[in-house]
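Each reported figure results from applying straightforward, stated rules to the coordinates on display, with no laboratory input. Since this is a predicted model, take the numbers as computed values, not measurements. Glycine gets a Cβ as well: all are built from the backbone with ideal geometry, and neighbour counts include every protein chain shown.
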Amino acid sequence: MERELSAFVANIQKGCIHDGPGLRTNVFLMGCPLRCKWCQNPENLRTKPVLLYSSEECRQCGSCVTACPNGCITLNPITKEILFDRTNCTDCGACADVCLTGARKICGRRMTPDQLFKEVMKDEVFFRNSGGGVTLSGGEPTVHIPFLKGVYAKFKEVGISTALETSGYCNTKVLLELEPFVDAFLFDFKAETDTVHREVTGVSNRLIKKNLEALIETGARIIIRIPLIPTVNDGPEFTKMMEYLETLDFGGEMNILPFHQFGMTKYELVDEDYELKEMPECSKEKADHYKQIAESFNFRVDVGGANISA
Ligand code: SF4
Ligand code: SF4
């Protein structure tokens, strides 16, 4: 039963101040049905562990060559260069086990709700003092609904704040089932125009809008999060988003998350192409400009997600 109620955790970040009220521990679960072009966590997209490989950290010791059961790694005897072909890689982690430099690592640790609860509660004192708590993020955490319920129930029992960061792209019924467990929904909204949304995320926004509207009906605390992506949802698209949101009674809390490139190198670690390599980061001036536009619609806006009240 415990094993059934488990999920792969990509990362646990402590002391976060941008993802819900107070000081928080963010838990990044693996798996996501979207493929946002600006995603800064490409290692979280699959629901299973993935091997991360950094050639820069490799010291050409050759240990991984013999460790790999699938012959994915070879050592050029002349140049001593390590050659890695992922074609037959099963992400088994045998190479990571013998790599002492950390050039090879497995991302994704299977955890039960109880294991995760105990790990996160190491920071209980900070949560109690700041009104903070746990934020489950991803990937798209609603891929793991039974697991989420198991985790949230434990935090609810001890009175620790719970938050969920979601793209809103999930079954409506299961999203609503989560509502009693979640103190704050950090609900992403990426584009109002469906064709734009499909183009940049791979999915329609119809279900997302339906879910947002259904969640609002429950009276849940919702903080709308807008990743501000140049050429995608700035300009007229941003205004359309505001006009749509203005029709909803979601409470008016909004975060604008300016586009950044912090995760660019992760694409190399997982050998994935990254289309937005050349895209300049969103400047503070630009973010402030869009903050003002959002405020003109009477939303209460923070750039970056800080200052969320408990
Ligand atoms: S993860 Fe496993 S299959 Fe992939 S390269 Fe390493 S040892 Fe080989
Ligand atoms: S074990 Fe690590 S350091 Fe050694 S060759 Fe393989 S990747 Fe490089």
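Quick one: order 183, 85, 271 by neighbouring beta-carbon count within 10 Å, fewest to most. Intermediate results must be reported in sequence, preceding the final value.
Numbers: 183 19, 85 12, 271 15.
Neighbour counts put them in this order, fewest first: 85, 271, 183.
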**Prompt:** Ranking 290, 244, 267 by Cβ neighbours within 10 Å, fewest first, what do you get?
**Reply:** 244, 267, 290
**Request:** Counting only C-alpha contacts under 8 Å and six or more residues apart, can you give the relative contact order of the chain as a whole percent?
**Result:** 21 percent
**Asked** How much mean residue ellipticity at 222 nm does the chain get from its helices, if each DSSP H run of length 4 or more adds -39500 (n - 2.57) and you divide by all residues, to the nearest 500 deg cm²/dmol?
**Response** -8500 deg cm²/dmol
**Request:** Please sort by residue number the GluC sites (Glu not before Pro) in region 1-97 whose DSSP state is loop and whose Cβ has at most 14 other Cβ atoms within 10 Å.
**Result:** 2, 4, 81
**Request:** With unit charges on the beta carbon (Lys/Arg positive, Asp/Glu negative), name the residue among 301, 131, 10 whose Cα is farthest towards the positive pole of the charge dipole of the chain.
**Result:** 10
**Asked** How far is it, in nm, from the label point at residue 110 to the one at residue 213 when both lie 7 Å from their Cα along the line to the Cβ?
**Response** 4.1 nm
**Message:** Restricting to DSSP loop positions (anything but H, G, I, E, B) with no more than 15 other Cβ atoms inside 10 Å of their own Cβ, which trypsin sites (Lys or Arg not before Pro) remain in region 1-56?
**Reply:** 3, 35, 37
**Prompt:** Given Cα pairs under 8 Å that are at least 6 residues apart, what percent is the relative contact order of region 125-219?
**Reply:** 26 percent
**Item:** Net charge contributed by nearby residues that have their C-beta within less than 11 Å of residue 258 (K/R +1, D/E -1)
**Value:** -1
**Complete:** Computed over region 1-141, the relative contact order (Cα-Cα under 8 Å, seq sep at least six) in percent reads 38 percent
**Message:** Run the simple label-point estimate for residue 272 and residue 260 please: 7 Å along Cα→C-beta, distance reported in nm.
**Reply:** 1.9 nm
**Asked** Using the alpha-carbon centroid of each, what span in Å lies between region 1-63 and region 208-226?
**Response** 25 Å
**Message:** How big is the dipole moment of region 114-230 about its Cα centre under a simple scheme where the beta carbon of each Lys and Arg is +1, that of each Asp and Glu is -1, and everything else is neutral? Debye, nearest 20, please.
**Reply:** 60 debye
**Inter-label distance, nm, simple model (7 Å from Cα along the C-beta direction), residue 75/residue 206** = 5.7 nm
